[in-house]
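Here's the structure, in structure tokens; my notes come after.
Laboratory data are not the source of any read-out in this text; all were calculated from the coordinates shown. These figures come from a predicted structure and were not determined experimentally. Cβ sites come from the backbone with ideal geometry, for glycine too, and all protein chains shown count toward neighbours.
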Amino acid sequence: MKRFVVTLAGLCLTAGLAAAHDFWLVSVGDELHGISGSRFPASQSAVAPERLVEAVAVSAAGRTPLTVIGARGTVLVLKADPSLGGALWAAVAIKPRRIDLTAAEFNDYIRHDGLPQIYAEREANAELDRPAVERYQKYAKALIVRGGAGSTASTPVGHRFEIVPIADAAALRPGDSLQVEVRFEQHPMPGLTLNAGYDGQADSTHAFTALTDTAGRVQVPVTRAGLWYLRTIHMRRIAEPPFEWESFWASLTFTVR
């Protein structure tokens, strides 16, 4: 997954590096790891617990808070209540943040991170030489499969921006496909770039990339066993000085047996 390189100093550098990274939630044994980076599933930095807006398990029993253990090296560690059974989601929402980018940095970011429509808009408006101030927010969820009855594997968790499986992702096997719908504020989002990949794929690539259709849906081929991710970004122009752009990042992970 190509990422832009920022050259700003101080706080802007920190913010830029953070925004350049995807955020995923991954089920690891009896823990959940919040990972932030550009090479799935490696993590380059741990999100601070105080940045969490919500951390919740969504199971057949309802919504239950996740236990936030804290940062461990470069990952944020959480746990779901061990009494929860069946197939369930662990879901995290992170507070919005600001990033200031030069024109070149912003152009590179939107061209290579799945936002060609924003580049085309800036080009049409003769804005490619303008810097950008953006507000971004990230949402992540991981499918946990345990013994017991009940499944929420095709149930939305209620994030403002979310990738929702249409079928039961817990039942996937190599050679299957998974249809998902991308939703913003509960409405299907057509024309967004959705990427998919797995643990062990080549660096700087996604295994699959497609645009959501008119119903906001994509059929993702699941070609192998192991840990998979899906990710997408929705960006829009806003008039909320100093912000000119607002973006929402969504990801989900699941394991194919």
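Which residue, chosen from I166, A132, F254, occupies the Cα position most advanced towards the positive end of the dipole of the chain, where the dipole is computed from +1 (Lys, Arg) and -1 (Asp, Glu) charges on Cβ about the Cα centre? In the chain, that residue is F254. Taken along the Cα-to-beta-carbon direction at a fixed 7 Å, the label points for T223 and A149 span 4.0 nm.
Using a simple spin-label model with pseudo-atoms 7 Å out from Cα toward Cβ, D168 and A124 lie 4.4 nm apart.
A simple rule links phi to the HN-Hα coupling: the Karplus curve 6.51 cos²θ - 1.76 cosθ + 1.60 with θ = phi - 60°, which for the range 187-196 gives 10, x, 10, x, x, 9, 7, 10, 10, 9 Hz, with x for Gly and Pro.
Where is the GNM fluctuation largest for the chain (alpha-carbon springs, 10 angstrom cutoff): V28, V157, V222? Maximum among the listed residues: V28. Backbone amide hydrogens, once placed in the peptide plane, bring V28 within less than 5 Å of H33, excluding anything fewer than 5 places away on its chain.
Between Q186 and Q44, the modelled label-to-label distance comes to 3.7 nm, taking each label 7 Å out from Cα in the direction of the beta carbon. The angle between the Cα long axis of helix 10-19 and the longest principal axis of the Cα atoms of the chain comes to about 50 degrees, rounded to the nearest 10.
Helix-only arithmetic for the chain: the sum of -39500 (n - 2.57) across DSSP H runs with n ≥ 4, divided by the residue total, places the mean residue ellipticity at 222 nm at -3500 deg cm²/dmol.
Net charge dipole, the range 169-251: roughly 220 debye, given to the nearest 20, about the Cα centre with Cβ charges of +1 for Lys and Arg and -1 for Asp and Glu. Maximal additional length on extending the E54-D30 stretch stands at 6.7 nm, based on 0.36 nm per residue less the C-alpha distance. In order along the range 82-92, phi translates into HN-Hα couplings of x, 7, 6, x, x, 9, 9, 9, 9, 9, 9 Hz, rounded to whole numbers, per the Karplus curve 6.51 cos²θ - 1.76 cosθ + 1.60 with θ = phi - 60° and x for Gly and Pro. Counting other Cβ atoms within 10 Å, keep those with at most 13, restrict to DSSP loop, and tell me which GluC sites (Glu not before Pro) in the range 136-218 are left. Sites meeting the loop and neighbour criteria: E185. Charge dipole of the range 10-256 (Cα centre as origin; +1 on each Lys and Arg Cβ, -1 on each Asp and Glu Cβ, all else neutral): 500 debye, rounded to the nearest 20. Here the contact order of the range 10-256, divided by its residue count and restricted to Cα pairs under 8 Å and six or more residues apart, works out to 18 percent. Helix 103-112 axis versus longest C-alpha principal axis of the chain: approximately 40°, rounded to the nearest ten.
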